[in-house]
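Visitor: Let me give you the structure first, and then I'll get to my questions.
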Amino acid sequence: MRDGGAREVIAEVTTDFDEFTVDSRAHGDGPLDWDGYAQARARAEERSGETESVVCGKGRIGGVDAVLIAFDFRFLGGSVGTATGDRIEHAFSRARETRTPLVSLIATGGSRMQEGMLSLRQLQRVARHSTLLRQAGVPQISVLRDPTTGGLWASLGAGADVVIGVAGAQVGFAGRRVRPPTDADDPAYTAEGQFTHGHVDEVCEPWDLTDVIAEWLTLLDSGSADPADVPRALGSPTPSTDGWSAVHRARAATRPHAEAYLDDYFDLRRPITGDRTGGVDPGMLCGIGLRGRRAIAYAAQAGTPTTPAGFRTAARLIRLAEHLAIPVLTLVDTPGAANDAAAERAGVGPAIADLFGTVAAARIPITTLVIGEGGSGGALALAAPDRTWITPDAYFSVIAPELSAAILKRPPEQVPATAEQLRLRPEDLVELGVVRGIASP
């Protein structure tokens, strides 16, 4: 069933809602003198009880103030015309001026044909104000209701800091009537499909929406300039006696991995998923969490080879944290970057380069803890140059000992000795100045 009412969804997610008054309403048959447009708007007003396809105002969600833009699909399919753009611009301006997070509750079929290119140009208007809001460091959340299609998905929806899809919602640039017939029911045009391919951060059930938005507002509005604390070591408290033992301990299945560290470190956390270019790496866990009363963004490798999508997602997370002034925690645990042909075709080299550059340019503090394998450039790309620690059951190396021996044309029995020569143990790394110290339990 399609989502229709703006005021109904506002009532579900907010308290103390105060609607903005904006003198913007189309007149007659509109700027193109489209025959019958005035009558169509009159029917839409009668059906919806609204004078435009959006209702904008300020309310409280879970105790946090937010500026809201809520679409009413019953008003000409939630389409956007020039008067709609006036209301959206006013809402963005109020959010920026008052530094209040903005939440868009979208249900739209796209641009309003009866206003032609003047309607389509509202997308540029939305994009401009979304950029201004980001430059001001004010958070923006979009909620994709049913349906979210056309240019509003490609601007207001996908352009937000955090994108939440409502389960079962139709989401796509192409609406049902303009898709190829063979693709009409393809799951790519759903919130779940967009999530699978890295374009939506999470999908929630309608009855969970208020709590999900409230948690995100709390997380996005709780940043501070102080660096993230170094997590405590959860594994063995004593370092290995030699390099080869250090490698074996880091590779042990029983050693605590990223999920255990994140659960121990945060009181609350929510995920940032996907690289926004069609890729998701389940081995790169990204999001924002609450530790005490302060928000900390995190990017954590989960022990698998990191794919290009994983590196790009981590870079996206760091850039998001930077414009919201939230410190970052990274957890390093990978045997290295994915080295198969698929990774090369997907641009693993450029993806790593982008992450190196993002970390180097970051103006917010990044704290790193190596919790397992620190394999070559795929691990180093996620590490802070001057704020990296390591746990006793981890290692950090220019290359895996087996690969080093192969390159040096050494027999397999010399791998342990090669590991020792690489000086990859925690104590070696402290002595070399690669890490600041060894995390304590």
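Visitor: Sorting ILE61, ILE399 on the 10 Å Cβ count, fewest up front, what's the list?
Guide: If I rank by nearby Cβ atoms, fewest first, I get ILE399, ILE61.
Visitor: I'd like the Karplus ³J(HN,Hα) series for segment 321-330: coefficients 6.51, -1.76, 1.60, θ = phi - 60°, whole numbers in Hz, and an x wherever there's a Gly or Pro.
Guide: Those phi angles translate into 4, 5, 6, 9, 6, 10, x, 10, 10, 10 Hz.
Visitor: Choose one answer from THR15, THR391, THR98: the residue with the largest mean-square fluctuation in a GNM of the chain with alpha-carbon springs under 10 Å.
Guide: Of THR15, THR391, THR98, the most mobile in the Gaussian network model is THR98.
Visitor: With axes computed from alpha carbons, what is the tilt in degrees of helix 209-220 against the longest principal axis of the chain, rounded to the nearest 10 within 0 to 90?
Guide: So the helix axis and the longest Cα principal axis differ by about 60 degrees.
Visitor: From the backbone phi of segment 431-441, what are the Karplus-calculated ³J(HN,Hα) couplings (6.51 cos²θ - 1.76 cosθ + 1.60, θ = phi - 60°) in whole Hz, Gly and Pro given as x?
Guide: 5, 6, x, 6, 10, 6, x, 9, 5, 9, x
Visitor: Next question, about the same structure. Is it possible to state the helix-based mean residue ellipticity at 222 nm for the chain, with each DSSP H run of 4+ residues giving -39500 (n - 2.57), the sum divided by total residues, to the nearest 500 deg cm²/dmol? What is it?
Guide: -10000 deg cm²/dmol
Visitor: List every residue whose amide H lies under 5 Å from the amide H of TRP389, counting only residues 5 or more places away in sequence or on a different chain, with H placed 1.01 Å from N in the peptide plane.
Guide: Under 5 Å from the amide H of TRP389 lie the amide H atoms of THR368, LEU369, VAL370, ARG436, each far enough along the sequence or on another chain.
Visitor: Alpha carbon centre of segment 140-162 versus segment 383-427: separation in Å?
Guide: So the two Cα centres are separated by 45 Å.
Visitor: Could you point to the residue in VAL64, THR277, THR148 farthest towards the positive end of the chain's charge dipole, with +1 and -1 charges on the Cβ of Lys/Arg and Asp/Glu respectively?
Guide: Sorting the options by dipole projection puts first THR277.
Visitor: Right, something else. Between VAL178, VAL328, VAL162, which gets the highest mean-square fluctuation from a Gaussian network model of the chain, Cα cutoff 10 Å?
Guide: Maximum fluctuation in the GNM of the chain, among the listed residues, is at VAL178.
Visitor: So how far, in whole Å, is the C-alpha centre of segment 258-277 from the one of segment 47-66?
Guide: 30 Å
Visitor: Given the options ALA381, VAL22, GLY292, identify the residue whose Cα lies farthest towards the positive end of the charge dipole of the chain (+1 on Cβ of Lys, Arg; -1 on Cβ of Asp, Glu).
Guide: So the residue we want is ALA381.
Visitor: Still on this model: Just how large is the dipole of the chain about the Cα centre, in debye to the nearest 20, putting +1 at every Lys and Arg Cβ and -1 at every Asp and Glu Cβ?
Guide: Dipole about the Cα centre, nearest 20: 760 debye.
Visitor: Further question: Against the empirical 2.2 N^0.38 Å scaling, what ratio does the C-alpha Rg of the chain come to?
Guide: 1.12
Visitor: If amide hydrogens are placed 1.01 Å from N in the peptide plane, which non-local residues have theirs closer than 5 Å to the one on ALA295?
Guide: So ALA295 has HN proximity to SER222, GLY223, SER224.
Visitor: Right, next: Between THR14, THR277, THR388, find the one with the highest GNM mean-square fluctuation for the chain; connect C-alpha pairs within less than 10 Å.
Guide: Result: THR277 has the largest fluctuation of those listed.
Visitor: Which ordering of VAL126, VAL280 is given by a fewest-first count of other beta-carbon atoms within 10 Å?
Guide: VAL280, VAL126
Visitor: Pop out the ³J(HN,Hα) list for segment 414-430 in order, Karplus 6.51 cos²θ - 1.76 cosθ + 1.60 with θ = phi - 60°, rounded to Hz; leave Gly and Pro as x.
Guide: Using θ = phi - 60°, the values come out as 9, 4, x, 5, 5, 4, 5, 5, 6, 6, 9, 5, x, 5, 5, 5, 5 Hz.
Visitor: Taking amide H positions as placed in the peptide plane 1.01 Å from N, state which residues far from ALA300 in sequence (5 or more) or on other chains have amide H under 5 Å from it.
Guide: LEU285, CYS286, LEU331
Read-outs throughout are calculated quantities, based only on the coordinates presented, and are distinct from any laboratory measurement. Quick caveat: nothing in here was measured; it's all calculated off a predicted structure. Because the Cβ atoms are built from the backbone with ideal geometry, glycine has one as well, and the counts that use them run over all protein chains shown.
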